[in-house]
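Report on the structure given below.
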Amino acid sequence: MKRVGILTYFSDFPYFNDINPGMNLQAMSVYRVLSSLLPNCKVEFIRYHSWWAVWRPYISGMTISSFLQDIRQLFKYYDFSKGFPKSGKVLVSKNREKSLQFIDGLGYDAIYVGSDTLLELFRCNEDEISAYWLNNTVKARKFMVAASGRDTSFQSLSSIQRKLIKGSIESFLKLGVRDRATFDLIEEVLGRTDERLMVVPDPTFSYVINYDIVAKYAKKSGLCNIAKPIV
């Protein structure tokens, strides 16, 4: 059975303690789509993180009740993400060369980078880029799926970063990005149009939400009895 890795942000306790709901929804949606499209493959999340995301309670106006709510939320996302199929090994490192060697060593047949703002560079120095910009060190077939560079622009890149990004781009079979800014960034780095490059919708849009649960919660909480909008 061929193995497919998803390289993205997701809650991975105790290494990446971010409980961002949108981040986890995006991760789950990518997994669901790939699993349905590749039923004969083993699809799993790559436990690589470029920094330690430390969980902290919201201390602004904190009360005992809000603190307990934060604790409950932490365990809720722990329970949610522990069901994700993951790689056996884990690495937290900003060192790109070390990280790429780690990812390659996992031996995937294909790797999908995305979705989310994985291609952002605000945590990088001007002479480096993150390991999410894979290159030929990683021998797996590489695809971007609704990846984003956030607010990274061609003008903000140093000459070294442009060279490193170009080397990364050339190693991908498909370049699926979710916004025009990232599309323009990659096109400018390449200096040409490229048939591999396309804007694709985030897989999150394919997720069908069961609103019955929301309706029951709203009714139980008395939110349906509000006479006028609260916002």
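The values are calculated or read from the model by the stated rules, or taken from the named source; none is laboratory data. Predicted model only: the values in this text are computed from it and were never measured. Note: ideal-geometry Cβ built from the backbone for every residue, glycine included; neighbour counts use all protein chains shown.
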Looking at this structure, is Gln69 without any contact (Cβ under 8 Å) to a residue 60 or more places away in the chain and surrounded by 15 or more Cβ atoms within 10 Å (Cβ to Cβ)?
-> no
For region 122-133, how many residues meet the condition of being surrounded by fewer than 23 Cβ atoms within 10 Å (Cβ to Cβ) and within 15 Å of the chain's Cα centre (by Cα)?
-> 1
Conditions (1) over 16 Å from Glu120 (Cβ atoms); (2) modelled with pLDDT of 90 or more; (3) among the hydroxyl-bearing types (Ser, Thr, Tyr): number failed by Ser206 | (2)
Can you tell me which residues in region 190-214 are in contact (Cβ under 8 Å) with a residue 40 or more places away in the chain and among the basic types (Lys, Arg)?
-> none
Looking at (1) buried (at least 21 other Cβ atoms within 10 Å of the Cβ); (2) of a type in the set (D, E, K, R); (3) free of Cβ contacts under 8 Å to residues at least 24 places away in the same chain, which is the only condition Arg178 fails?
-> (3)
Per the filter on region 101-121, residues buried (at least 19 other Cβ atoms within 10 Å of the Cβ) and either farther than 18 Å from Tyr31 by Cβ or out of contact with any strand residue (DSSP E or B) (no Cβ under 7 Å at 6 or more places or on another chain) (or both) are Phe102, Asp116, Thr117, Leu119, Leu121
Please name all residue pairs, on different chains or six or more residues apart, with Cβ atoms under 9 Å, provided the first residue is in region 20-49 and is of a type in the set (Asp, Glu) and the second residue is not in a strand (DSSP E or B).
-> Glu44/Tyr31; Glu44/Phe84; Glu44/Pro85; Glu44/Tyr108
Could you grab me the full set of residues in region 92-108 that are outside any helix (DSSP H, G or I) and either of a type outside the set (A, V, I, L, M, F, W, C) or without any contact (Cβ under 8 Å) to a residue 40 or more places away in the chain (or both)?
-> Ser93, Lys94, Asn95, Gly107, Tyr108
Find all pairs meeting these conditions: Cβ atoms under 9 angstrom apart; at least six residues apart or on different chains; first residue within region 156-170 and farther than 11 Å from Asp127 by Cα; second residue assigned to a loop (DSSP other than H, G, I, E, B) and of a type in the set (Asp, Glu).
-> Ile169/Asp194
Going through (1) under 17 Å from the mean Cα position of the chain (by Cα); (2) more than 24 Å from Val33 (Cβ to Cβ) one by one, Asp116 fails only at (2)
With criteria (1) buried (at least 16 other Cβ atoms within 10 Å of the Cβ); (2) out of contact with any Pro (no Cβ under 8 Å at 6 or more places or on another chain); (3) at positive phi, Leu91 comes up short on (3)
